[in-house]
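Participant: Quick one: this structure, given as structure tokens, is what I'll be asking you about.
Every read-out reported here was derived from the displayed coordinates using simple, explicitly stated rules and does not represent laboratory data. Predicted, not measured: the structure shown is a model, and the values here were computed from it. Don't worry about glycine lacking a Cβ; one is built from the backbone with ideal geometry, like all the others, and counts go over all protein chains shown.
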Amino acid sequence: MDLITELAELAIATRLKRLSDRLANDVNKVYKELDLNFEAKWYLVLELLNRRSMLSIVDVADELKLTHPAIVQYVDQMLKAKLITAHKDSTDGRKRLVSLSPNGKKLLEDLAPVLSVLKDAVDGWLNEADCNLLSTLAQLEKSLDERTLYQRLKGQLQVNN
């Protein structure tokens, strides 16, 4: 048994991150082998912009519940890959608005069959594990929305503000 597994609850965030990294690395290998200039971590931004057309970086971060710095990093990478376009908001020059570029729209079309196979592969993997991981994750997220781990720790440890 490795240390992360052995530490169980004390390393749950690291274990989830490790699992996430393994999945993303495998998907990225497939994208590379298919000559798709794309990274798994960009998918949510690409799909959100496909559904919503144009959003500010703050809106993207809020909708995906990811950090602003992470979204800035993804957007900068996707701009470099020419998958999205960005311009200043005409009403607030501090905001950057992003939208899919023609290359991004084309990539989404090219990704469609790969995403279908990916969805089926993940579904099969989850079924092999004989658990409803997606339901469990939703329950865990809801529980943390109601009471964060910080609040749980603070209540037990009398942490000062």
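Participant: Could you count how many residues in region 45-74 are within 23 Å of Pro102 (Cβ to Cβ), among the small types (Gly, Ala, Ser) and not in a strand (DSSP E or B)?
Facilitator: Total meeting the criteria: 1.
Participant: Considering only region 140-161, state which residues are of a type outside the set (Lys, Arg) and surrounded by fewer than 10 Cβ atoms within 10 Å (Cβ to Cβ).
Facilitator: Asp145, Glu146, Gln156, Leu157, Gln158, Asn160, Asn161
Participant: Can you tell me which residue among Lys142, Lys119, Lys154 is part of a helix (DSSP H, G or I) and within 24 Å of Lys32 (Cα to Cα)?
Facilitator: When all the criteria are applied, what remains is Lys119.
Participant: Would you mind telling me which numbered condition in (1) out of contact with any Leu (no Cβ under 8 Å at 6 or more places or on another chain); (2) part of a helix (DSSP H, G or I) Asp92 fails?
Facilitator: All conditions pass for Asp92, except number (2).
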